[in-house]
Amino acid sequence: MNKEIAIHLKNITKSYPGVIANKNVDFQVNKGEIHALVGENGAGKSTLMKILYGIEQPDEGEIVINGSMETINKVETAINLGIGMVHQEFTLVPSFTAPENIGLGQEPKNSKGLVDWKGLNKSVMDIAEKYGFKVDPGLKMIDASVGVQQRTEILKTLYRNANILILDEPTAVLTPQETDELFNVIRTLVNEGKTVIFITHKLREVMEIADRVTVMRAGEVQGVSETKNTSITELASQMVGREVFLQVKKDEADPKDEILNVENLWVHDARGLLAVNGVEMSIKEGEIVGIAGVEGNGQTELVEALTGLRKASRGKIMYLGEDIASSTPKNIRRKKIAHIPEDRTNTGLNTQLSIWENLIGNSYFRKPLSSKGIFNLKKVAKHANKLKEDFDIRSPNVSLKVKSLSGGNQQKVVVARELSEDPTLTIASQPTRGVDIGNIEAIHEQLVQMRDDGGAVLLVSAELDEVMAVADRVGVMYEGQIVKWVNPKEVDQSQMGLYMAGVTE
Ligand SMILES: Nc1ncnc2c1ncn2[C@@H]1O[C@H](COP(=O)(O)OP(=O)(O)OP(=O)(O)O)[C@@H](O)[C@H]1O
Ligand SMILES: [Mg+2]
């Protein structure tokens, strides 16, 4: 078979201070295929795609698009070549609607030179219809779900006539339902002759949607396979360079004293709507309690209330016998409650600061890192380097800014900081979002270790597999309540699916 090649990146090398992000990379994508790009955190996937999209320039190498060699030194050039990219962090204007965002900078003008809103709306809706997208033209992005925002980003590339779409970890932030919808969209795009490059850490998705897959490790291409000729286990070991256990190893929990007791908790969301209504929950030392549920059923607001980020409207949060429902986030932290937030870039990190500054975020005011208000720099450096080692944060040194880390390594900084504080209670929201398969294994082991050392853990995750594998008890959240408690060993996925849809009988 002779397939037409849409993209050929030849011998791409790109260095940053102290790191070779891409090393002699050869990457080929056929026209009309869905090509997955996988690899460990920091393997160089996003860098390679930024080079293709003109955000970064390679030190060496060539870019061939549809058979002709191109120099892509700015995004505009990439767009003119029919390349579109959707980043993990969206670039939409929150107060704008989908058509306004899509047209931004490229608004059609009428004969009087004014923006032709009607024309814009129509072309956006036409494209949406062609590819089977559901779009509400009046909805502002601030009120839209993550899935809708992502579809808007994809539509924006199509509006600019993209034929080659790069999606950098599109499913990391999606619910399983939204992922299914995205996959339908991707299939339609490919049926219409488009080419899709898809980065993900979820190997099951690779097997489900991709025709071929390229595996990267430490800046180099490890191999290219047709998905029908490979397997999840094979891809995982190619990525990580060792065998990965896709199961969590742990003994039976041995819960002791009660650490947290939530009584009849009510919480309103940012729009003033009731998001949590009457949650009852208890967590003991030595156990991991999981919360499962379709996203948007109050999990976010529950965690925000427990960590002081949102005021509860009613009820009690008894922690070691004291009601902390009206405590500030800072005071809650001081009581040894750790929090891995679901949204790392806004609440978990200061990406402008160094890795070490982020790593010591909470312990700076305590011994041994500081004494009488003075930092012990040597100890701080030692502490930060140890965490870098223990949590496998891939970076030449801890003085670099967090924003220079790859997505998954940023997440590891948050996890390292929170778990290293010797917390009594750990509240982990989506702790492995964007993390590669080898490090997911490590984070799960660390959560189990916390439990075995007598810690209490609350694990909230949109990944049902994760909650079921790691937690000892799981509460299913539906419309602001925990509608069912289950022993994860005793229920199967389809039963959980029913509970998550609110069917408990
Ligand atoms: N702007 C930058 N400055 C310095 N180093 C960088 C910069 N961008 C990326 N790097 C480094 O280049 C390497 C590759 O990063 P990249 O973001 O491409 O990884 P990735 O494969 O996308 O990982 P992830 O799965 O975690 O998103 C990493 O070591 C990262 O720290
Ligand atoms: Mg990346």
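Note the full-extension length gain between residue 386 and residue 487 as 0.36 nm times their separation in residues minus their Cα-Cα distance, in nm to one decimal.
32.8 nm
Grab the Cα-Cα distance for residue 71 and residue 204, subtract it from 0.36 nm times how many residues apart they are, and report the gain in nm with one decimal.
Taking residue 71 through residue 204 to full extension adds about 44.4 nm, to one decimal.
Distance in nm between label sites at residue 90 and residue 399, each 7 Å beyond Cα in the beta-carbon direction?
Calculated label separation equals 3.9 nm.
Over the chain, what portion of Cα pair distances is larger than 36 Å, expressed as a whole percent? Don't jump to the answer; show the numbers that get you there.
Working: 44768 of 127260 pairs.
Counting every Cα pair in the chain, those more than 36 Å apart make up 35 percent.
Go ahead and run the numbers for FRET between residue 249 and residue 11, Cβ-Cβ distance against an R0 of 56 Å, rounding to 0.05.
It comes to 0.85.
Mind listing the long-range amide H neighbours of residue 314? Cut-off is under 5 Å, sequence gap 5 or more, other chains count too, H placed in the peptide plane at 1.01 Å from N.
Under 5 Å from the amide H of residue 314 lie the amide H atoms of 266, each far enough along the sequence or on another chain.
Distance from the Cα centre of segment 64-99 to that of segment 375-419, in angstrom?
32 Å
Using the Cα gyration tensor of segment 313-450, with a ≥ b ≥ c the square roots of its eigenvalues, what is the shape: rounded (a/c below 1.5), prolate (a/b larger than b/c) or oblate (neither)?
Taking the square roots of the gyration eigenvalues as a ≥ b ≥ c, segment 313-450 is oblate.
First select every other residue whose beta carbon is under 11 angstrom from the beta carbon of residue 62; then total the charges, Lys and Arg +1, Asp and Glu -1.
So the surrounding residues net to -2.
Let me cross-check residue 333: its accessible surface, 1.4 Å probe, with only protein heavy atoms counted, in Å² to the nearest 10?
My reading of the accessible area for residue 333 is about 80 Å².
So, in nm, how far is label residue 320 from label residue 494 when the simple model puts each one 7 Å beyond its Cα toward the Cβ?
Distance between label points: 4.7 nm.
Leaving ligands, DNA and RNA out of it, report the carbon-plus-sulfur percent of the accessible area of the chain at a 1.4 Å probe.
Ligands and nucleic acids excluded, carbon and sulfur give 48 percent.
For residue 430, enumerate residues with amide H under 5 Å from its amide H, sequence gap 5+ or separate chain, H modeled in the peptide plane.
Residues meeting the criterion, in which the H sits 1.01 Å from N, are 460, 461, 462.
Let me have the relative contact order for segment 10-145, percent, based on Cα pairs under 8 Å that are six or more residues apart. Each step should come with its number before you reach the end.
Working: 146 pairs, mean separation 23.9, N = 136.
Reported as a whole number, the value is 18 percent.
So in segment 158-299, what percent of DSSP beta bridges are antiparallel if you round to the nearest 5?
Approximately 75 percent, going by the DSSP bridge assignments.
For the chain, build the charge dipole from Cβ charges (+1 Lys, Arg; -1 Asp, Glu) around the Cα centre, then report which of 30, 125, 377 sits farthest towards its positive end.
377
Amide H neighbours of residue 223 under 5 Å, counting only residues 5+ apart in sequence or on other chains, H built in-plane at 1.01 Å?
Excluding prolines and chain starts, which carry no amide H, the hits are 215.
Add -39500 (n - 2.57) for each DSSP H run of 4 or more in the chain, then divide by its residues: what number comes out at 222 nm, to the nearest 500 deg cm²/dmol?
After summing the helix terms and dividing by the residues of the chain, the value is -9000 deg cm²/dmol.
Please tell me the relative contact order of the chain in percent, rounded to the nearest whole number, where contacts are Cα pairs under 8 Å and at least six residues apart.
15 percent
Once you have a ≥ b ≥ c as the square roots of the Cα gyration tensor eigenvalues for segment 1-94, tell me rounded if a/c is under 1.5, and otherwise prolate or oblate according to whether a/b is larger than b/c.
Since a/c stays below 1.5, the shape of segment 1-94 is classed as rounded.
Once both labels are modelled 7 Å past Cα along the beta-carbon direction, what's the residue 130-residue 26 spacing in nm?
Roughly 3.6 nm, to one decimal.
Per residue of segment 278-288, what does 6.51 cos²θ - 1.76 cosθ + 1.60 with θ = phi - 60° give for ³J(HN,Hα)? Whole Hz please, x for Gly and Pro, Karplus curve as stated.
Computed from phi, the couplings for segment 278-288 are x, 6, 10, 6, 9, 10, 9, 5, x, 9, 10 Hz.
List the lysines whose Cα lies under 24 Å from the Cα of residue 50, skipping any in the same chain that are fewer than 8 positions away.
Hits, sequence-local ones excluded: 10, 14, 23, 31, 74, 156, 194, 202, 401, 403, 412.
How much length is gained on full extension from residue 177 to residue 3, taking 0.36 nm per residue of separation minus their Cα-Cα distance?
Additional length available on full extension: 59.3 nm.
Counting DSSP beta bridges in the chain, what percent are antiparallel, to the nearest 5? Let's see the in-between values first.
Details: 48 of 84 bridges.
Once the DSSP bridges in the chain are tallied, antiparallel ones form about 55 percent.
Using a 1.4 angstrom probe, figure out how much accessible area segment 11-89 has per residue, in square angstrom, rounded to the nearest whole. Mind dumping the intermediate values first?
Values: 3200 Å² over 79 residues.
Per residue, segment 11-89 has an accessible area of 41 Å².
From the backbone phi of segment 495-505, what are the Karplus-calculated ³J(HN,Hα) couplings (6.51 cos²θ - 1.76 cosθ + 1.60, θ = phi - 60°) in whole Hz, Gly and Pro given as x?
Working through the residues one at a time gives 5, 4, x, 5, 4, 5, 8, x, 8, 10, 8 Hz.
Select from segment 243-301 those GluC sites (Glu not before Pro) which occupy a DSSP coil region and have at most 11 other Cβ atoms within 10 Å, ordered by residue number.
243, 252
Using the Karplus equation 6.51 cos²θ - 1.76 cosθ + 1.60 (θ = phi - 60°), what ³J(HN,Hα) coupling, rounded to whole Hz, does each residue of segment 129-138 give in order, writing x for Gly and Pro?
Per residue, the Karplus-derived 3J(HN,Hα) values read 5, 4, 9, x, 8, 9, 10, 9, x, x Hz.
If one computes the Cα centroid of segment 429-505 and of segment 1-40, what distance in Å separates the two points?
The two parts, judged by their Cα centres, are 36 Å apart.
If you add up the charges near residue 106, with Lys and Arg at +1 and Asp and Glu at -1, over every other residue whose beta carbon is less than 13 angstrom from its beta carbon, what do you get?
Working: positive: 109, 156, 160; negative: 76, 100, 107, 116.
Residues near residue 106 contribute -1 overall.
The values are calculated or read from the model by the stated rules, or taken from the named source; none is laboratory data. What you are looking at is a predicted structure, and each value in this text was computed from that prediction instead of being measured. Cβ: placed from backbone, ideal geometry, glycine included. Neighbour counts: every protein chain shown. For the accessible areas, the whole protein counts, side chains as well, though only heavy atoms, and no ligand, DNA or RNA atoms are used. Shrake-Rupley method; radii C 1.70, N 1.55, O 1.52, S 1.80 Å.
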